[in-house]
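Contents: one structure, followed by commentary.
Read-outs throughout are calculated quantities, based only on the coordinates presented, and are distinct from any laboratory measurement. Since the structure is predicted, the reported quantities are computational estimates derived from the model, not experimental observations. Note that we place each Cβ from the backbone using ideal geometry, even for glycine, and neighbour counts take in every protein chain shown.
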Amino acid sequence: MLSVPIAYFLNKFGKRCYFLILGFLFIMIAHAGFYSMNECMNGAKCVQSIIPMILLATGEAFVLLTVFTSITYTVPERYFGTAFGV
């Protein structure tokens, strides 16, 4: 759901390196949040894991959109199919 707004801001403002760094920062914070949580015992609901999951999904959206849209700037047009396939 966040991919469309992120892609819009990415194309409108540029600054792909900042989006890439922000995405990796979100991923690192999410993993630190998962590491610091207590275990869920006996089928208890782990509601506290929602925030790191949202951060992880947002960070992955930033990173993937930044990398995939940068292919068009680095690869000649006749090799787009191969570049996106790899």
Table column - 3J(HN,Hα) (Hz), the range 7-18, Karplus curve with 6.51, -1.76, 1.60, x for Gly and Pro
5, 4, 5, 5, 6, 6, 9, x, 6, 4, 5, 5
Least to most buried among TYR18, TYR8 (fewest other Cβ within 10 Å first):
TYR8, TYR18
For Cα pairs less than 8 Å apart in space and 6+ apart in sequence, what is the mean separation divided by the residue count of the chain, i.e. the relative contact order in percent?
38 percent
Please report, in whole Å³, the volume per residue of the convex hull around the C-alpha atoms of the chain.
123 Å³
